[in-house]
1. Can you confirm whether the range 767-776 contains a residue that is of a type outside the set (Gly, Ala, Ser) and outside any loop (DSSP other than H, G, I, E, B)?
2. Got a sec? Which strands (runs of 3 or more DSSP E) wholly within the range 342-416 have at least 2 residues that are over 23 Å from Ile505 (Cβ atoms) and polar (S, T, N, Q)?
3. Any idea how many residues of the range 448-475 are under 25 Å from the mean Cα position of the chain (by Cα) and among the polar types (S, T, N, Q)?
4. Taking the options Asp83, Asp127, Asp69, name whichever one is charged (D, E, K, R), closer than 22 Å to Glu331 by Cα and out of contact with any Ser or Thr (no Cβ under 6 Å at 6 or more places or on another chain).
5. Check whether at least one residue in the range 345-354 is open to solvent by 10 Å² or more (accessible area, probe 1.4 Å) and on the phi > 0 side of the Ramachandran plot, and report yes or no.
6. May I ask you to verify whether Trp318 is in contact (Cβ under 8 Å) with a residue 12 or more places away in the chain, farther than 13 Å from Gly765 by Cα and of a type in the set (Phe, Trp, Tyr)?
7. What tally of residues in the range 183-233 results from selecting those that are open to solvent by less than 20 Å² (accessible area, probe 1.4 Å) and part of a helix (DSSP H, G or I)?
8. Restricting the search to the range 164-177, which residues are closer than 18 Å to Phe102 by Cβ, open to solvent by 30 Å² or more (accessible area, probe 1.4 Å) and not in a helix (DSSP H, G or I)?
Amino acid sequence: MIKKVSGILIAIIVAIGIFFLNKPMGELPALGQFFSPTHGFWQNASTDNNKTSSIVIKCINGDATVVYDEYNIPHIFADNEDDLVYAQGYVEAKDRLWQMEFQTHAAAGRLTEILGNRIISGHSVLDADRFSRRIGILRAAHNSVKEMEKDPISKKIMESFSAGVNAYIKQLKKADYPIEYKLLGYQPEEWSPLKCALLMKYMAKDLTYYDTDIENTNALRAFGEEVYKKMYPDFPPPALDPIIPVNTKWNFTSVDTFSSKNTATTKTALLYSNPQKALYANKFYGSNNWCINGNKTKSGKPILCGDPHLALNLPSIWYAIQLHCPTINVEGVTIPGAPGIVIGHNDSIAWSVTNSERDVINNFAVEYSADKKSYKLGNAFVPFEYDVQVFKIKGSKDVVDSIRMTKVGSIVYDENYGETNDKKHIATYWRAEEPSNELMTFYYLNKAKNHQDYLAALDYFSCPGQNFIYADAQNNIAIKQQGNFMLRTQFTDGIFVTPLANVDITKLKARIPNAQNPHILNPERNFCSSANQNPVDNNYPYSTSGHYENYRNRVINSVLTSTVQSSWKDMAALQSNNLSLLAKETLPTLLATIISNNSETSNQILRALKSWNYEANMNLTAPSYFYKLWSYIEETTYDELLKTKSSFRLPENYTTANLILHEPDFVLFDIKNTANIEKAQDVVQLAFQKTVAFFEDYTKNKDKNLQWSHYKNTTVTHLARIPAFSVSDIPIGGYNNIVNATSEGAGPSWRMIVDFAQGKPTCYGIYPGGQSGNIGSIKSTNYIDKWSKGEYNTLHFFANKEEALKIINKQ
């Protein structure tokens with residue numbers, strides 16, 4: 001699962017530090033307070049090291065003991081679940097309070113309260129806040145709270161966790177506020193169950209709000225059905241390697257009684273724009289997970305691995321912790337601000353997750369009445385309801401936004417927000433707004449003892465859809481794609497903008513039964529895996545439309561198919577695998593068509609590419625050349641999509657590669673506004689010429705380093721985008737579509753390997769940051785070096801408090 005502050009939302013405060021220095025007035029805090037020796041940022045400086053320690057927290061019913069190990073990971077021991085959750089809230093706030101609160105402000109569309117309204121990188125803070133509320137994050141969170149309050153267990157968890165957070169806030173002195181509060185001039189507010197729900201729904205936004213109905217509709221309108229299907233095929237050509245092995249037989253029939261038997265698509269007369277596309281989810285966020293059973297390991301016991309690929313942020317996205325009471329003993333990572341363990345293991349089972357990439361959004365064209373007070377639904381016009389939102393703006397007057405609400409959802413873009421043409425107004429249905437209680441999935445997973453417990457826990461999980469991988473001490477392995485997925489049979493269902501007047505709301509809200517979601521237990525191949533690829537082949541009776549990967553999965557499955565006698569270290573090597581399958585499959589053909597101009601730079605690039613082993617290792621130059629060449633191939637091929645005000649999306653890399661290799665005369669290779677009819681080889685040659693020109697200019701600066709890690713400049717960025725608080729130029733290889741999916745600002749946000757070799761689980765884990773949210777502490781970044789080297793911490797999993805105290809007292 002997943003959680004990050006969206007790139008544009010983070011970028012909104014890029015220049016705050018400089019702005020404060022240049023304009024210390026009005027809505028801004030006094031710099032005298034920030035620099036105060038008794039209350040200012042100096043109080044956040046820390047010279048702490050990795051010494052172990054312990055504290056006692058007074059909780060609801062008694063005391064909880066928290067033991068901090070040498071990695072600064074807290075191990076919480078309590079006598080009951082209420083006190084355990086209370087102490088977790090207290091401890092998370094102690095290390096990550098500002099992060100927790102900033103992310104919930106972003107989710108709730110409340111950044112203007114902290115930052116005021118200013119333009120940063122072409123976007124106003126208010127526009128970003130309005131987007132968050134218009135798409136429905138706050139509405140979805142309120143719906144989730146209502147659902148959690150119906151269950152006495154989840155209600156109690158939320159209340160106990162919030163009470164623990166608030167206990168920490170209450171005792172916090174102003175001098176001890178995290179430095180970001182001092183820099184931005186505000187103070188913590190009371191925590192509540194709504195804030196926990198906001199984190200979950202913001203995660204749903206980051207992992208599912210990459211909708212392309214508008215872009216699909218535009219492409220169909222602009223290029224026709226035949227070209228459209230080649231640009232965006234249902235399944236990746238030519239190789240399909242889904243999560244559930246091909247040719248799997250399903251022992252159920254579809255419950256879909258709604259879908260039309262007509263598979264024809266209909267063109268729209270309009271080309272739509274998408275004014276706030278930059279605020280959508282990042283399509284490059286993905287993950288890997290896999291497990292192998294005892295037939296493939298030295299120990300005869302399973303090994304489970306997971307590495308979610310998300311934004312590389314400080315404070316880190318994840319927080320490692322162990323939770324122990326008489327009914328629970330579990331360790332792993334959680335999202336700061338959320339109770340329980342999201343990814344991890346207990347005594348009996350281990351689990352991890354990847355994003356399903358399934359489409360959970362439908363968009364509908366709105367037909368207004370003459371006075372625009374109602375919309376057509378069926379044969380009648382239905383009056384709008386209004387979601388009236390008030391935005392508190394620091395240093396300015398409040399702003400009120402009235403959002404038109406239909407029976408399916410909000411009209412995100414209208415004449416007051418990005419789209420003046422009434423005929424292009426769209427009502428959006430987003431599955432995340434449906435009531436759900438994902439908290440109970442993790443509550444029951446944390447306590448699960450076997451496969452049946454795992455399946456029962458997953459039934460609570462709704463959105464974002466996830467691939468939950470599983471292994472247990474009894475040598476069982478499994479994977480299930482779980483979510484509240486729409487009941488679609490044809491691949492045309494739900495992927496185009498269609499008239500709201502024609503919507504069948506009952507069908508829209510219908511779901512595939514949980515028992516019929518893709519799943520497998522103990523497959524014959526002795527491993528399970530997922531890497532954001534298609535979940536199934538076309539034998540599955542439902543449509544699984546989405547946006548899928550087709551490189552990482554094939555590398556992983558190739559290695560796992562051939563592996564025998566593996567140890568956890570072999571799995572660690574796979575998590576750091578740098579093979580670019582995209583390059584391996586395409587570069588020989590590209591090189592065969594490229595003609596050098598015999599310049600020094602041209603020859604240098606060709607020598608590097610011809611001798612390359614396709615490994616995107618950090619000290620090589622070939623990856624720098626290849627990925628720049630590939631970006632120019634896409635830019636040149638899809639000039640029709642990029643040079644327009646209408647919104648389009650680029651085909652996936654594997655589609656472009658397949659067209660180059662197998663259909664070089666595809667119509668989009670013809671470059672717009674030239675007299676010739678270009679083919680793939682012409683595009684490749686032109687892209688190569690652009691690549692040569694780029695690196696000729698790039699190397700004029702003697703400080704520029706062509707080695708891959710320097711060129712891509714992987715950076716772990718502070719949420720406030722303050723360079724001094726960030727870590728850049730990290731020496732690491734990999735890239736998008738590579739198993740080690742470390743790009744400029746995203747990558748493996750938590751690497752975990754759970755080995756059952758000793759009969760009980762041993763966990764190895766690492767993430768790019770540190771446990772502390774205090775940027776003045778070495779504990780905020782002390783994992784980064786090991787992470788970049790592919791090394792791990794061997795995590796402690798204590799059986800009881802006495803064992804924990806005994807071990808730390810020896811250190």
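The values are calculated or read from the model by the stated rules, or taken from the named source; none is laboratory data. Values in this document were obtained by computation on a predicted structure and should not be read as measured data. Here the Cβ positions follow ideal geometry from the backbone for every residue, glycine too, while neighbour counts run over all protein chains shown. Protein only, heavy atoms only, side chains kept; ligands, DNA and RNA dropped before computing areas. Shrake-Rupley method; radii C 1.70, N 1.55, O 1.52, S 1.80 Å.
1. So the first thing to find is which residues in the range 767-776 are of a type outside the set (Gly, Ala, Ser), and the list is 767-768, 771, 774-775.
Checking which are outside any loop (DSSP other than H, G, I, E, B) leaves us with none.
No, the range 767-776 contains no residue that is of a type outside the set (Gly, Ala, Ser) and outside any loop (DSSP other than H, G, I, E, B).
2. Details: elements: 343-346, 349-355, 361-365, 374-377, 380-383, 385-391, 399-405.
Of the strands (runs of 3 or more DSSP E) lying wholly inside the range 342-416, those with at least 2 residues that are over 23 Å from Ile505 (Cβ atoms) and polar (S, T, N, Q) span 349-355.
3. Going through the range 448-475 one residue at a time, the tally reaches 3.
4. Numbers: Asp127 fails: closer than 22 Å to Glu331 by Cα; Asp69 fails: out of contact with any Ser or Thr (no Cβ under 6 Å at 6 or more places or on another chain).
Selected residue: Asp83, the only one of Asp83, Asp127, Asp69 that is charged (D, E, K, R), closer than 22 Å to Glu331 by Cα and out of contact with any Ser or Thr (no Cβ under 6 Å at 6 or more places or on another chain).
5. Residues of the range 345-354 that are open to solvent by 10 Å² or more (accessible area, probe 1.4 Å), as a first pass: 347-348.
In the following step, the residues that additionally are on the phi > 0 side of the Ramachandran plot were identified as none.
For the range 345-354, residues open to solvent by 10 Å² or more (accessible area, probe 1.4 Å) and on the phi > 0 side of the Ramachandran plot: absent.
6. On the way: in contact (Cβ under 8 Å) with a residue 12 or more places away in the chain: yes; farther than 13 Å from Gly765 by Cα: no; of a type in the set (Phe, Trp, Tyr): yes.
Answer is no for this residue.
7. Of the residues in that region, 25 qualify.
8. If the condition is that a residue be closer than 18 Å to Phe102 by Cβ, open to solvent by 30 Å² or more (accessible area, probe 1.4 Å) and not in a helix (DSSP H, G or I), then Tyr177 is the only one that fits.
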